[in-house]
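Novice: Below is one structure. I have some questions about it.
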Amino acid sequence: MIEEIKQIIEKEYADLDYFDYRYHLLPVVEYAEKLAEICDVNKEVVELSAWLHDIGRIKFGARNHELTGAGEAEKILRQFGYPDEIIEQVKHCILAHRGSGSIQPQTMEAKVVATADALAHFDMFLPMLTTMGKGGKGKGDKIIYGWIYEKMERDWNKKILIPEAMKIAEEKYKAIKLVLDDKSSEKGERR
Ligand SMILES: [Fe+2]
Ligand SMILES: [Fe+2]
């Protein structure tokens, strides 16, 4: 059944944001599967949650996307006849996947998904540094560095909830921080 869910998600992303699919969603799914192997969790819940965790952001925008996403995921899972128990667990993973959200992960499955989301961000920050400033949205370098810095600190401090993931993220965190500190000091903007 999960294959059909994947196809729906793949289509949504292909139509709306392929870059996000390739450089965020797929890494989240890969990290989630890897962490699910290490931790004793319900793999079906983790896999479904990883595929569906940002569906709210893709369809309705970033604001409150944990809430819109949980609703959208429920609709999709009901369509495929998933039992209430699985739906509730997946919804919790989605509601708790943001370090900035008000709902904290209460289950191991939710911790795996939030951690996988953060790990995928660490892989994306350096490419973001080279592409974001060219977005033509009138954002200066200082704003972009500041935005990445804050997001990375939040990921590092609040979303890496599994010790094995710390090891994966640590070197990347240090490297990105070094680059950002360097970039800020270049312009006399050290935070
Ligand atoms: Fe998200
Ligand atoms: Fe995400």
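Novice: Return one whole number: the accessible area per residue of the range 2-186 in Å², for a 1.4 Å probe.
Specialist: 50 Å²
Novice: Counting only protein heavy atoms and a 1.4 Å probe, tell me what percentage of the chain's accessible area is made up of carbon and sulfur.
Specialist: Working: 5010 of 9910 Å².
On the chain, the fraction of accessible area on carbon and sulfur atoms equals 51 percent.
Novice: Mind checking which lysines have their C-alpha under 22 Å from LYS142, skipping anything on the same chain fewer than 8 residues away?
Specialist: LYS134, LYS151, LYS172, LYS174, LYS177, LYS183, LYS187
Novice: In whole Å, what are the extents of the chain along the principal axes defined by its C-alpha atoms, from largest to smallest?
Specialist: 57, 36, 26
Novice: To the nearest 20 debye, what charge dipole does the chain have about its Cα centre, counting +1 at the Cβ of each Lys and Arg and -1 at the Cβ of each Asp and Glu? Please list the in-between numbers first.
Specialist: Details: 29 positive and 34 negative charges, 216 e Å.
Using only the charged Cβ atoms, the result is roughly 1040 debye.
Novice: Next question. So if R0 is 25 Å, what FRET efficiency would LYS174 and LEU26 give, r being the distance between their Cβ atoms, rounded to the nearest 0.05? Don't skip to the answer; put the middle values down first.
Specialist: Values: r = 25 Å, r/R0 = 0.99.
Efficiency, from the Cβ-Cβ distance: 0.50.
Novice: Still on this structure, I have one more. So what is the relative contact order for the range 2-186, in percent, with contacts set as C-alpha pairs under 8 Å and at least six apart?
Specialist: Here the relative contact order equals 20 percent.
The values are calculated or read from the model by the stated rules, or taken from the named source; none is laboratory data. This structure is a prediction, so every number in the text was calculated from the model and none was measured. When we count neighbours, we look across all protein chains shown, and the Cβ atoms used for this are built from the backbone with ideal geometry, even at glycine. The area values use the complete protein model at the heavy-atom level, side chains included, leaving out ligands, DNA and RNA. Shrake-Rupley method; radii C 1.70, N 1.55, O 1.52, S 1.80 Å.
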